[in-house]
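A quick write-up on the structure given underneath.
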There are 2 protein chains.
Amino acid sequence: MSRTELSSLGEFGLIRHLTEHFPVQQKSTILGVGDDAAAIEVPAGMIAVLTTDMLIEGVHFDLSYVPLRHLGYKAVVVNLSDVYAMNAVPAQITVSIAVSNRFSLEAMEELYAGMLAACEHYGVDLVGGDTSTSVSGLAISVSAVGFVEKARMSTRRNARKGDLLCVTGDLGGAYLGLQVLEREKKVFLESPGVQPELSGFEYVIGRQLKPEARRDLVQFFSEQQIVPTSMIDISDGLASEILHLERNSGHGMVIYEEKIPIAADTGRVAEQFSLAPVTCALSGGEDYELLFTVGQSDYEKISANPSVSIIGYVDEPESSSRMVTRAGATIAITAQGWNAFS
Amino acid sequence: MSRTELSSLGEFGLIRHLTEHFPVQQKSTILGVGDDAAAIEVPAGMIAVLTTDMLIEGVHFDLSYVPLRHLGYKAVVVNLSDVYAMNAVPAQITVSIAVSNRFSLEAMEELYAGMLAACEHYGVDLVGGDTSTSVSGLAISVSAVGFVEKARMSTRRNARKGDLLCVTGDLGGAYLGLQVLEREKKVFLESPGVQPELSGFEYVIGRQLKPEARRDLVQFFSEQQIVPTSMIDISDGLASEILHLERNSGHGMVIYEEKIPIAADTGRVAEQFSLAPVTCALSGGEDYELLFTVGQSDYEKISANPSVSIIGYVDEPESSSRMVTRAGATIAITAQGWNAFS
């Protein structure tokens with residue numbers, strides 16, 4: 001593989017080179033890459049939502065097993081997931097990267113190819129950003145803009161007593177995918193000749209490396225004229241997100257262990273790692289599914305959607321969130337003490 | 001001074017702690033910090049502009065002489081400058097930071113105090129962002145949103161033959177401020193007992209550490225009903241920005257050396273460093289003044305504004321930008337080969 005030094009293009013040349021193939025798909029994009037700012041015409045009657053996220057090498061990703069193309073795709077998807085969590089439709093993103101000389105132009109092309117694939121898949125436009133040097137490693141900052149009718153916006157605040165608590169897809173897989181990748185990295189570092197043992201783990205690895213955002217749910221809500229009373233995306237594990245909804249709405253949530261959706265593949269891998277699958281779902285994170293509450297009047301519509309599981313309900317104001325186990329015991333849902341600064 | 005470890009708050013606690021004192025000043029801010037995304041209601045008839053910028057420790061700033069409070073202020077200002085360069089008025093920002101354990105909570109409070117001061121001064125709302133760990137050092141990513149009537153937006157594209165080329169304020173000071181700070185750092189490293197010699201350099205150091213964005217010019221354009229045919233902010237030096245306008249409009253620009261505004265203090269410091277003041281203005285960067293073109297019919301209004309200097313004019317299509325020196329020679333304006341990747 002050839003290697004072209006980033007210095008051969010310079011900062012302006014690099015960002016032009018990397019972004020020139022991105023098409024403009026959105027009517028709302030008045031002005032894209034290449035000016036002091038992008039210009040966006042928000043459709044009549046809509047409000048704009050804006051989210052931002054930063055990914056740091058060695059903290060959020062490990063390039064020894066994350067292909068750059070997947071990283072680019074995921075960096076976009078995690079932001080779109082936040083837009084969908086507002087019940088909004090994403091339209092534009094900006095991308096800033098800081099990159100050291102260790103990376104070649106070809107590596108950056110891979111990263112942006114992944115971003116382009118995500119932009120094409122979700123119909124969003126790359127409208128701005130910059131490229132600069134870093135002292136070490138790679139940092140990626142993505143911001144995303146989307147639109148939603150004001151009356152259809154879903155915050156974390158408005159869950160009401162008796163609402164159904166629901167989640168899309170299945171949980172815990174992304175965390176186990178990470179465990180597999182970390183294990184194989186360790187094996188490789190100890191015995192460089194040994195091939196990584198990834199067969200049988202395709203599902204959970206895919207959940208870790210190639211997450212998708214739940215565009216389908218927001219489309220479903222629109223078609224069915226449902227407005228969730230609250231919604232949040234699952235980036236830090238089900239327990240953490242439930243506690244966010246509790247704090248923001250002032251209502252505890254009750255969930256049933258047996259209702260938490262866990263894929264068969266996820267359960268099987270969890271066993272191999274001697275982990276309870278439900279623990280992976282509660283505390284694993286990075287599943288990028290949507291957790292939401294709807295009124296009971298939407299029960300029939302919701303239960304007809306095979307991608308949605310009703311896992312519990314919203315309890316009294318000032319109650320505390322808890323899980324009813326398969327054995328019938330009730331246990332408090334607590335933050336899993338994950339603390340990136342410790 | 002007390003030191004509180006970041007780990008004592010955790011990631012969610014930290015971002016809450018740092019942002020809870022930011023007031024909401026803009027009617028357009030429907031939802032600020034604390035949800036999956038912020039929600040912004042764009043005023044009727046306006047379009048939104050969006051810009052983003054990332055600052056990396058060791059590349060864009062050196063904490064050995066940049067106070068964190070100033071850094072926070074500047075991180076916001078450089079983004080607002082891009083919004084003003086669209087002839088738009090900034091309204092919201094998001095801030096993501098990645099920070100290592102080396103930093104204390106008190107240090108982060110200083111950084112956010114500077115951001116708060118900028119938000120208050122410019123009337124913008126902090127509406128989102130996140131905090132994460134970094135392997136080393138501090139990275140700050142700011143995005144800014146502003147509003148402008150579509151017909152009043154100024155891009156880099158529409159300079160026409162015969163337009164006046166103008167610049168606000170004075171140039172070259174920020175670059176010389178950086179030279180002074182770098183020199184005193186070197187002296188300090190070689191002789192730690194020696195006090196830094198900063199007196200007499202207040203002006204240029206202030207230009208480097210405490211830049212302001214040219215809100216006044218956008219207000220002036222609005223009051224005077226002027227729409228600049230093109231506009232750009234000066235972050236990389238006058239020469240580089242002129243070449244951006246040339247490439248984007250297809251017209252070369254002619255400037256007169258004697259018209260380039262340079263403060264007396266800047267000229268004096270340049271001499272001490274054996275630098276030509278005009279070189280600092282052309283290639284220095286970080287002045288965050290605005291460079292713009294207006295039709296000749298706006299000559300009287302423009303020349304009545306004491307903050308604006310008319311430095312030249314827009315030439316024929318496909319001409320090349322050049323400077324007429326004090327001695328009457330004409331020299332090509334070239335990019336000053338600054339290449340962060342080399």
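The values are calculated or read from the model by the stated rules, or taken from the named source; none is laboratory data. Everything numeric in this text was worked out from a predicted model, so none of it was measured. Here the Cβ positions follow ideal geometry from the backbone for every residue, glycine too, while neighbour counts run over all protein chains shown. Note: accessible area is taken over every heavy atom of the protein model, side chains too, but ligands, DNA and RNA are not part of it. Shrake-Rupley method; radii C 1.70, N 1.55, O 1.52, S 1.80 Å.
If you take the accessible area of A alone, add that of B alone, and subtract the area of the pair, what total do you get in Å², probe 1.4 Å, to the nearest 100?
Approximately 5600 Å² gets buried when A meets B.
Measure off, as a whole percent, the carbon and sulfur share of the 1.4 Å-probe accessible area of the stretch B:162-318, all protein chains present.
The computed percentage sits at 48.
Between the stretch A:308-336 and the stretch B:88-158, what is the C-alpha centre distance in whole Å?
37 Å
Just to compare against my own numbers: the Cα pair-distance distribution for chain A, 10 Å bins, whole % per bin, please.
5, 24, 31, 25, 12, 3, 0
Any chance you could give the angle, 0 to 90 degrees and rounded to 10, that helix A:68-84 forms with the longest Cα principal axis of chain A?
Around 40 degrees separate the two axes.
Going out from 0 in 10 Å bins, what whole percent of all Cα-Cα distances in the stretch B:284-340 drops into each bin?
Going out from 0 Å in 10 Å bins, the stretch B:284-340 shows 15, 40, 39, 6, 0 percent.
Among B:I260, B:G34, B:Y175, whose Cα projects farthest towards the positive end of the dipole of chain B, with charges put on the beta-carbon of Lys, Arg (+1) and Asp, Glu (-1)?
Among B:I260, B:G34, B:Y175, the one farthest towards the positive end of the dipole of chain B is B:I260.
Distances in nm, one decimal, shortest first, from A:I310 to the same residue in every other copy, taking the label point 7 angstrom along Cα→Cβ.
Distances between equivalent label points, in nm: 7.4.
Among B:V227, B:V167, B:V135, which one moves the most in a GNM of chain B with springs linking Cα atoms closer than 10 Å?
Taking springs between Cα atoms under 10 Å, the residue moving most is B:V135.
Kindly express, to the nearest 10 degrees and within the range 0 to 90, the angle between helix B:238-249's C-alpha long axis and the longest C-alpha principal axis of chain B.
Result, in degrees: 70.
For the protein assembly as shown, with the dipole built from +1 on Lys and Arg beta-carbon atoms and -1 on Asp and Glu ones, taken about the Cα centre, which of B:M323, A:Q296, A:P67 lies farthest toward the positive end?
Of the candidates, A:Q296 comes out farthest on the positive side.
Taking the label point as lying 7 angstrom from Cα along the Cα-to-Cβ axis, what are the distances from A:T279 to the corresponding position in the remaining copies, in ascending order and in nanometres?
6.5
Heavy-atom accessible area per residue, the stretch B:220-342, 1.4 Å probe: how many Å²?
Spelled out: the 1.4 Å probe surface of the stretch B:220-342, per residue, equals 45 Å².
State the percent of C-alpha pairs, over all pairs in the stretch B:74-122, separated by a distance greater than 18 angstrom.
Percentage above 18 Å: 37.
How big is the charge dipole of the protein assembly as shown about its Cα centre, in debye rounded to the nearest 20, if each Lys and Arg gets +1 on its Cβ and each Asp and Glu gets -1 on its Cβ?
Charge dipole of the protein assembly as shown: 340 debye, to the nearest 20.
Taking each label point as 7 Å beyond Cα in the direction of the beta carbon, state the distances from B:E182 to the same residue in the other copies, shortest first, in nm.
Once sorted, the set of distances for B:E182 reads 4.2 nm.
So which lysines can A:K161 reach, going by Cα to Cα under 25 Å and dropping same-chain residues fewer than 8 places off?
A:K150, A:K259, A:K301
Using helices alone, what [θ] at 222 nm do you get for the protein assembly as shown, with -39,500 (n - 2.57) per DSSP H run of 4 or more residues, divided over all residues and rounded to the nearest 500?
-10000 deg cm²/dmol
Pop a pseudo-label 7 angstrom from the Cα along the beta-carbon direction at both A:S307 and B:R268 and give the gap in nm to one decimal.
With each label point 7 Å from Cα toward Cβ, the separation is 6.7 nm.
Treat the stretch A:19-107 as a sphere of radius equal to its Kirkwood radius over Cα pairs and apply Stokes-Einstein at 20 °C in a medium of 1.002 mPa s; give the translational diffusion coefficient in µm²/s, rounded to a whole number. Don't skip to the answer; put the middle values down first.
Values: Rh = 15.3 Å.
Reported coefficient: 140 µm²/s.
What's the local net charge at A:S28, with K and R +1, D and E -1, over the other residues with C-beta under 14 Å away? Numbers along the way, then the final one.
Working: positive: A:K27, B:K150; negative: A:E41, A:D125.
Summing Lys and Arg as +1 and Asp and Glu as -1 gives 0.
If you roll a 1.4 Å probe over the stretch A:99-144 with all protein chains in place, what percent of the accessible area is carbon or sulfur?
Roughly 52 percent of what the probe reaches on the stretch A:99-144 is carbon or sulfur.
What distance in nm lies between label points placed 7 Å from Cα along the C-beta direction at B:V194 and B:K150?
Reported label-point gap for B:V194 and B:K150 is 6.1 nm.
Return a whole-number percent for the relative contact order of chain B, with Cα pairs under 8 Å and 6 or more residues apart as the contact set.
21 percent
Which percent of Cα-Cα pairs in the stretch A:124-251 sits in each 10 Å bin, short to long?
Cα pair-distance distribution for the stretch A:124-251, in percent: 9, 26, 30, 23, 10, 2.
Rg over Rh of the protein assembly as shown, using C-alpha atoms and the Kirkwood radius, what does it come to?
Expressed as Rg/Rh, it is 1.00.
Among A:L245, A:L31, A:L282, which one shows the highest mean-square fluctuation when chain A is modelled as a Gaussian network with alpha-carbon springs under 10 Å?
Per the Cα network of chain A with a 10 Å cutoff, A:L31 tops the list.
Could you state the angle between the C-alpha long axis of helix B:215-224 and the longest principal axis of the C-alpha atoms of chain B, as a value from 0 to 90 degrees rounded to the nearest 10?
So the helix axis and the longest Cα principal axis differ by about 50 degrees.
Share of antiparallel DSSP beta bridges in the protein assembly as shown, in percent to the nearest 5?
Percentage antiparallel, nearest 5: 80.
Starting from the stretch B:8-80, pick out the trypsin sites (Lys or Arg not before Pro) whose DSSP state is loop and whose Cβ has at most 10 other Cβ atoms within 10 Å. Provide the component values of the computation, followed by the final result.
Working: sites: B:R16, B:K27, B:R69, B:K74; in loops: B:K27.
Qualifying residues, ordered by number: B:K27.
Tabulate in residue order the Karplus-calculated ³J(HN,Hα) for the stretch B:299-315, using 6.51 cos²θ - 1.76 cosθ + 1.60 with θ = phi - 60°, rounded to whole Hz; enter x for Gly and Pro.
Each residue's phi maps through the Karplus curve to give 3, 5, 4, 5, 6, 7, 8, x, 8, 10, 10, 8, 10, x, 8, 8, 9 Hz.
Residue farthest toward the positive end of the dipole of the protein assembly as shown, with Cβ of Lys/Arg at +1 and Asp/Glu at -1: which of A:A332, B:V194, B:I56?
Ranked along the dipole, the leading option is A:A332.
Most mobile of B:G172, B:G295, B:G237 per a Gaussian network model of chain B (Cα springs, under 10 Å)?
Judging by the Gaussian network model, the answer is B:G295.
List the lysines whose Cα sits under 21 Å from the Cα of A:K74, skipping any in the same chain fewer than 8 residues away.
A:K185, A:K210
With Cβ to Cβ distances under 12 Å as the rule, what net charge do the other residues near A:V167 carry (K, R +1; D, E -1)?
For residues surrounding A:V167, the net value is -3.
When you look at the Cβ of every residue in B:59-69, what mean number of other chain Cβ atoms sits within 10 Å? Working shown, then result.
Details: counts 6, 3, 0, 0, 0, 0, 0, 0, 0, 0, 0.
Partner Cβ neighbours, averaged per residue: 1.
When 1/r is averaged over all different Cα pairs and the result inverted, which Kirkwood radius in Å belongs to the stretch A:181-257?
Hydrodynamic radius (Kirkwood, Cα only) of the stretch A:181-257 equals 16.4 Å.
Given a 1.4 angstrom probe, what's the average accessible area per residue across the stretch B:15-119, in square angstrom?
Working: 3190 Å² over 105 residues.
Roughly 30 Å² per residue, with all protein chains present.
When the accessible area of the stretch B:21-95 is computed with all protein chains present and a 1.4 Å probe, what percentage of it is carbon and sulfur?
55 percent
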